[in-house]
Structures are given as structure tokens and as C-alpha cells.
Amino acid sequence: MQLIKKAVMALEFKHVTKQFQSNSGEMLTAVKDVDFRVEKGEFVSVVGPSGCGKSTILSMTAGLYQPSTGEVSVSGERVDGPNPHVGFMLQKDLLLPWRDIISNVEFGLESRGLNRAARRAKAMEVLIACHLGGFEQHYPYQLSGGMRQRAALARTLAIDPEIILLDEPFSALDAQTKLLLQNSFSKVIAEQKKTTLLITHDLAEAVLMSDRILVLSERPGTVIAEIKVELPHRDEPLKRRNLPEVSEYAAQLFSYLKLEEKAF
């Protein structure tokens, strides 16, 4: 009899609870019994009220925090410390102002033993993929906010992570730039088949960019709903946003959050 090999998930949270000790010594529970799985190449968003533990989930995936109970694993391996297989993008691009753009993109590769020629070739490859070819010799102050975020994405992609973690990377941008960046990021991430976990307060953004959306409760955060977004054009949010179902999905998400608010 031939055994069927079980597919390895890109990311698994197995009944994870995380507690922190406050300055007064009180134990605070950020997330409680969080349990979900993300398949390879899937784009999953996490939404929920402020302070519900969304960023804590990203930090545990990156290995910056360890669960108090439960287990986090990436590609079948338990995360016990800083995870080199994960790329983390924050709200701020955190580009180094004294380095030109290509040197910023090379930064994460310098600690991985690549020689200068290999680093430069990889950095140039991802800059072109992120539509920044021709700007490699510019410095961060010479780029717009949207271009700086694309440079930050290029820096993240350069290390070839198994999972990309996005912590509200578009929240500081104006509406037009935000839409263009959502589209640009989605195309690049889809082309490179990257597994992605996005934290966002923007319900429409979650619908436009995701294959699936997890809804967290108030703190301590736990998963109260899981919504599969069955819409075309996941790699092109500008096309998806014109579909009438987008507002229906956003309304469904809002109803979960409002119901959760009433429960408290």
C-alpha cells in the first residue's frame, strides 16, 4: 500500500497562547489558543481590533517572541528563535539613509556570505522586479514614499524568504499611492510565489489582496472567523476592486468585528 505523504504547511500555529509580564508584574495575555495554517504560496490577511495581538502573531512567526504555550512552525520546523526563512516588512521602510538603494537591498545578503558580485546581481534582479531599475544609485531621500516601500520590498525579497510578513506597510501612504503599491506588491509576490501574512486595519485592503482572511477577537486575540476570498485577480487588486463582491466581503468582516465589540 502506497502511503500518502502529508503536505507540509508553510506556516502553522498550533494552539498558541502568548503572555507578557507588565511593569507591575501582572501577566497579560496577548493571544490565546490561536490555531491556523497557511499553505505555500497563499496570501493570508489578519484583521481585528487594535491591541488584539496581530503584531504578536507576526513576531512569533519571525521568532522574535516564543509562545507561552503551543507551537509555531515554518515549513514543518518549529520556530525556536530568530527565523532566517522569514522576511519582515514594517510600516516604515527603515532604509539606511547613508546607503544608496542597491546597497540597502544588499544589506540582508551581506551576512549570508555572498560575494560582492553575487550580492549585486541579486539586488539588481529584485530591484527590476519591483520596478526600480534605474534608481539603484539613488539615496532614500531622493525617492517618493511609494518608491521607498518598493525598495523595502526588494530588500525583503533579496534574501529569498519562505514567508513574507507585512505589518501594515501601506498605512502611511496617501490613497492613490496605496492602491498602486497594493497592486505592485501583489504582482511581485504572486510572480515569486511567496507565502505572505499581512496585518492590516483596512478591511477593503484585506479583501483586495488576500486568498483568505483571519478575524481576531478583542484581546486576548483568538481566531473567531476565517473567510476564504473567492474572487479572481488576487495578483491585481486594481482589477479586483471593481468587483461588487468586494464590498460584500468587507461588510462581512465589519459585522464580525462589530459583533465582537458588542460582546464586550
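Each value in this text was obtained by applying a stated rule to the coordinates, not by laboratory testing. Quantities reported herein were computed from a predicted structural model and do not represent experimental measurements. Here the Cβ is made from the backbone with ideal geometry for all residues, glycine too, and neighbour counts use every protein chain on show.
In table form, for the structure just shown:
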read-out	value
Per-residue ³J(HN,Hα) for region 233-249, Karplus 6.51 cos²θ - 1.76 cosθ + 1.60, θ = phi - 60°, Hz, x for Gly and Pro	6, 4, 8, 9, x, 5, 7, 5, 5, 7, 7, x, 5, 4, 5, 5, 5
Debye log10 I(q)/I(0) at q = 0.14 Å⁻¹ for region 90-160, Cα point scatterers	-0.34
Across Lys92/Lys193; Lys40/Lys239; Lys122/Lys228; Lys18/Lys122, pairs whose alpha-carbon gap is larger than 31 Å	Lys122/Lys228; Lys18/Lys122
Per-residue ³J(HN,Hα) for region 54-69, Karplus 6.51 cos²θ - 1.76 cosθ + 1.60, θ = phi - 60°, Hz, x for Gly and Pro	4, 5, 4, 4, 4, 5, 6, 5, 6, x, 6, 10, 9, x, 6, 9
Long-range HN-HN contacts of Ala225 with modeled amide H, under 5 Å	Val215
Inter-centroid distance (Cα atoms) of region 46-79 relative to region 193-220, Å	14
Positive minus negative residues near Gly70 (Lys, Arg vs Asp, Glu; Cβ under 9 Å)	-1
Lys, Arg +1 and Asp, Glu -1 on Cβ, resulting dipole of the chain about Cα centre, debye, nearest 20	480
Cβ crowding within 10 Å averaged over residues, with 207-214, 137-144, 47-54 ranked highest first	207-214, 47-54, 137-144
Long-range HN-HN contacts of Leu198 with modeled amide H, under 5 Å	Val44, Ser45, Val46, Leu166
Given charges at beta-carbon only (K, R positive; D, E negative), |dipole| of region 202-264 in Debye	40
Phe88 long-range amide H proximity, modeled H, under 5 Å	Leu165
Region 143-264 - charge dipole about Cα centre, Lys and Arg +1 at Cβ, Asp and Glu -1, debye rounded to 20	280
Rg/Rg_globular for region 122-193, with Rg_globular taken as 2.2 N^0.38 Å and Rg from C-alpha atoms	1.05
Gained length - Lys228 relative to Glu248, 0.36 nm times residue gap less alpha-carbon distance	5.9 nm
Antiparallel DSSP beta bridges within the chain, as percent of all bridges there, nearest 5	55
